[in-house]
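These notes are about the structure you will find just below.
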Amino acid sequence: MDLSTNYMGFKLKSPIIAGSSGMTNSIAEIVKLAKNGVGAIVLKSIFEEQILLEANSLRPEYLTHTEANDYINQYTRHHSLDDYLKLIETAQKEVDVPVIASINCATSVEWVSFAKTIEDAGADALELNIFILPADRRQKGEHIEKIYFDIIREVKERVSIPIAVKMSPYFSGLANMIFNLSIRGIKALVLFNRFYSPDVDLKKLDVHPTNVFSSPKENGLPLRWIGMMAGEARCDLAAATGIHDGETVIKNILVGAHAVQVASVLYKKGPEYIRTMINDIENWMANNKVDTLEGIIGKLSQKNIDNPVVYERSQFMKYYSDYKETL
Ligand SMILES: Cc1cc2nc3c(=O)[nH]c(=O)nc-3n(C[C@H](O)[C@H](O)[C@H](O)COP(=O)(O)O)c2cc1C
């Protein structure tokens with residue numbers, strides 16, 4: 001059974017990538033993840049604020065709230081750039097799967113030079129987690145799109161390792177944006193970034209973050225957009241969010257993903273659970289007489305199915321209007 005897949009120019013032995021999280025900040029966990037069969041590892045992100053703070057060029061506009069200021073200062077004291085470079089070097093020595101460094105960013109200012117330092121430390125690839133919540137009413141959509149393009153251009157000028165972009169779903173012209181990102185020389189797009197939601201505590205009457213971990217239901221969003229953009233995007237697509245079992249891995253591959261990223265399920269079930277997911281994929285392949293996973297990428301993408309409207313608007317008309325059909 002061949003579970004290998006090509007992603008970002010690497011031949012991965014399995015399509016399950018350990019997504020960036022606190023777990024991939026620990027060499028012990030990284031080693032366990034590799035032993036249990038992940039195809040690649042995305043290290044915990046370094047934040048552009050950390051890079052700027054160490055270089056003394058964090059501008060006041062970053063620090064809109066005192067609490068944010070305190071948090072960034074404290075975080076940076078405990079997570080130095082040197083530590084991050086050591087993490088890359090050690091991970092590279094300890095595991096035989098691609099090690100993808102990650103930068104969480106929202107601007108294309110001075111921090112971009114650090115991408116080269118990451119390359120020099122030995123990262124096989126770099127994932128840019130461009131994390132912009134379009135919450136400023138004065139900021140037009142095209143301005144946010146330009147930030148993405150500027151970041152990619154600036155980083156690409158400085159490194160030669162392959163680059164992936166983990167993007168947000170919050171674009172009014174999402175298909176257009178996915179396509180436009182895919183033609184900018186990046187090797188992969190990760191659909192999508194996940195933003196934690198706020199919730200209201202009715203007893204304390206305050207607002208707090210909730211759902212740090214995803215639920216399997218959340219996979220519908222990346223599944224839809226990968227299904228619609230497979231064959232349109234000019235780079236590899238990876239699915240992220242809500243992938244908690246082997247069956248969901250197969251679903252995302254069938255609609256067009258070259259690989260998937262997982263984080264929440266690793267926290268809930270441990271790195272050993274990768275083994276179970278791989279077994280489930282192999283069982284499905286055996287039962288369905290599929291020898292190679294690569295052979296089924298995109299088989300059920302919008303382009304390749306008989307009823308492509310299933311991905312689109314008319315389905316809402318169908319299921320929202322007929323009460324019995326909805327049940
Ligand atoms: C505790 C935790 C920490 C995370 N840290 C990062 C991070 O540093 N950088 C990043 O790009 N994504 C980070 N993520 C997001 C995951 O990589 C992933 O995109 C998201 O959790 C959705 O995947 P999942 O449904 O498998 O959890 C984090 C997720 C969790 C749960």
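The table below gives the values:
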| read-out | value |
| --- | --- |
| Candidates 81, 126 - the one that is closer than 15 Å to residue 44 by Cα and crowded, with 19+ Cβ neighbours inside 10 Å | 126 |
| Residue in the range 210-221 that is away from the ligand (no atom under 16 Å from the Cβ) and either within 30 Å of residue 179 (Cβ to Cβ) or in contact with a Phe, Trp or Tyr (Cβ under 8 Å, 6 or more places away or on another chain) (or both) present | no |
| Selection status of residue 159, within 16 Å of the ligand (Cβ to nearest atom), within 19 Å of residue 45 (Cα to Cα) and more than 17 Å from the chain's Cα centre (by Cα) | no |
| Flag for residue 273 being within 10 Å of the ligand (Cβ to nearest atom), over 27 Å from residue 181 (Cα atoms) and not hydrophobic (A, V, I, L, M, F, W, C) | no |
| Filter result (away from the ligand (no atom under 15 Å from the Cβ), under 16 Å from residue 253 (Cα atoms) and among the aliphatic types (A, V, I, L, M)) within the range 1-45 | 1, 3, 8, 12 |
| Scan of the range 176-204 for residues that are small (Gly, Ala, Ser) and under 16 Å from residue 231 (Cα atoms), ordered by number | 182, 188 |
| Qualifying residues in the range 269-301 (those that are of a type in the set (S, T, N, Q) and in a helix (DSSP H, G or I)) - the one surrounded by the fewest Cβ atoms within 10 Å (Cβ to Cβ) | 287 |
| Matching residues in the range 109-151 - criterion: being in contact with a strand residue (DSSP E or B) (Cβ under 7 Å, 6 or more places away or on another chain) and among the β-branched types (Val, Ile, Thr) | 118, 130, 151 |
| Residue identified as surrounded by 18 or more Cβ atoms within 10 Å (Cβ to Cβ), among the aromatic types (Phe, Trp, Tyr) and more than 15 Å from the chain's Cα centre (by Cα) among 179, 192, 171 | 171 |
| Restricting the range 199-243 to residues that are acidic (Asp, Glu) and out of contact with any strand residue (DSSP E or B) (no Cβ under 7 Å at 6 or more places or on another chain), the residue that is surrounded by the fewest Cβ atoms within 10 Å (Cβ to Cβ) | 206 |
| Matching helices (runs of 4 or more DSSP H) fully within the range 139-249 where at least 3 residues are under 30 Å from residue 299 (Cα atoms) and not acidic (Asp, Glu) | 174-182, 220-229 |
| Residue 168 being within 15 Å of the ligand (Cβ to nearest atom), farther than 22 Å from residue 116 by Cβ and touching a Leu at 6+ places or on another chain (Cβ under 8 Å) | yes |
| Any hit, the range 117-133, residues being in a helix (DSSP H, G or I), under 20 Å from residue 17 (Cβ atoms) and within 15 Å of the ligand (Cβ to nearest atom) | yes |
| Any hit, the range 246-269, residues being within 8 Å of the ligand (Cβ to nearest atom), among the hydroxyl-bearing types (Ser, Thr, Tyr) and closer than 25 Å to residue 181 by Cα | no |
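Conditions tested, residue by residue: (1) under 20 Å from residue 48 (Cβ atoms); (2) modelled with pLDDT of 95 or more; (3) of a type in the set (S, T, N, Q).
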{"residue": "143", "(1), (2), (3)": "yes, yes, no"}
{"residue": "160", "(1), (2), (3)": "no, yes, yes"}
{"residue": "179", "(1), (2), (3)": "no, yes, no"}
{"residue": "182", "(1), (2), (3)": "no, yes, yes"}
{"residue": "196", "(1), (2), (3)": "yes, no, no"}
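The values are calculated or read from the model by the stated rules, or taken from the named source; none is laboratory data. All figures in this text were calculated on a predicted structure; none of them were measured in a lab. Methodologically, a virtual Cβ is constructed for each residue, glycine included, from the backbone with ideal geometry; neighbour enumeration extends over all protein chains shown.
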